[in-house]
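Enquirer: This is the structure I want to talk about, given as structure tokens.
The values are calculated or read from the model by the stated rules, or taken from the named source; none is laboratory data. Keep in mind it's a predicted model, so treat the numbers as computed, not measured. Here the Cβ positions follow ideal geometry from the backbone for every residue, glycine too, while neighbour counts run over all protein chains shown. SASA here: full protein model, heavy atoms, side chains in, ligands and nucleic acids out. Shrake-Rupley method; radii C 1.70, N 1.55, O 1.52, S 1.80 Å.
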Amino acid sequence: SMSREPLLVLQENFRWMNYEYDLFRIDPRSHAHVPVCRIVRQWTFFDVSDRYVIQHFNNVINGLVTCSGNWMNQFTLVANGAAAATVDKQLFSFTDKYRVCVGANRDVLLFVGIACAIDRIHHEVEDERERQRRG
């Protein structure tokens with residue numbers, strides 16, 4: 001925020017092959033963490049692609065939010081059947097740089113928070129894969 005107060009909190013909940021983040025808004029008056037949603041990476045033995053599910057808390061999000069696309073290249077967050085935000089990775093960059101475009105009349109903090117959580121989960125999964133290869 002303009003006063004350098006935090007707006008969102010991401011809390012990781014990682015257990016063996018289960019990666020998830022809880023997203024909280026910070027109440028500006030009480031500084032309490034208000035639960036918004038949980039972002040969960042789902043996997044199966046037969047599908048190597050990452051799938052993410054957004055689970056709602058306390059009806060903060062209206063309607064279903066889903067993820068489609070290929071993380072690290074182009075990813076779309078869909079709310080109630082319409083594209084709400086797109087995330088594109090900048091090619092040929094030494095560090096991960098993304099362009100996040102949030103649609104008009106959408107909750108910018110929500111979709112930036114979801115994108116950040118997915119990015120963090122993706123890096124944790126890749127780090128674990130690398131540890132197993134070296135293993």
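Enquirer: Counting just the residues of segment 121-135 that are of a type in the set (D, E, K, R) and surrounded by fewer than 15 Cβ atoms within 10 Å (Cβ to Cβ), which one comes out farthest from the chain's Cα centre (by Cα)?
Expert: Among residues in segment 121-135 that are of a type in the set (D, E, K, R) and surrounded by fewer than 15 Cβ atoms within 10 Å (Cβ to Cβ), the one farthest from the chain's Cα centre (by Cα) is 134.
Enquirer: Just the residues that are assigned to a strand (DSSP E or B) and either modelled with pLDDT of 90 or more or under 30 Å from residue 27 (Cβ atoms) (or both), please, taken from segment 76-98.
Expert: Listed by number, the residues that qualify are 76, 77, 78, 79, 82, 83, 84, 85, 86, 87, 98.
Enquirer: When the residues of segment 6-34 are narrowed to those that are farther than 15 Å from residue 113 by Cα and open to solvent by 80 Å² or more (accessible area, probe 1.4 Å), which ends up nearest to the chain's Cα centre (by Cα)?
Expert: Filtering segment 6-34 for residues that are farther than 15 Å from residue 113 by Cα and open to solvent by 80 Å² or more (accessible area, probe 1.4 Å), the one nearest to the chain's Cα centre (by Cα) comes out as 15.
Enquirer: If I ask for residues that are charged (D, E, K, R) and in a helix (DSSP H, G or I), which ones from segment 104-135 would you list?
Expert: Within segment 104-135, 119, 120, 124, 126, 127, 128, 129, 130, 131, 133, 134 meet the criteria.
Enquirer: Any idea which residue in segment 35-59 is modelled with the lowest pLDDT, counting only those that are open to solvent by less than 60 Å² (accessible area, probe 1.4 Å) and more than 14 Å from the chain's Cα centre (by Cα)?
Expert: If we take residues in segment 35-59 being open to solvent by less than 60 Å² (accessible area, probe 1.4 Å) and more than 14 Å from the chain's Cα centre (by Cα), then 47 is modelled with the lowest pLDDT.
Enquirer: May I pose another question? Which one of these is under 17 Å from residue 7 (Cβ atoms) and among the aromatic types (Phe, Trp, Tyr): 111, 75, 94?
Expert: 111
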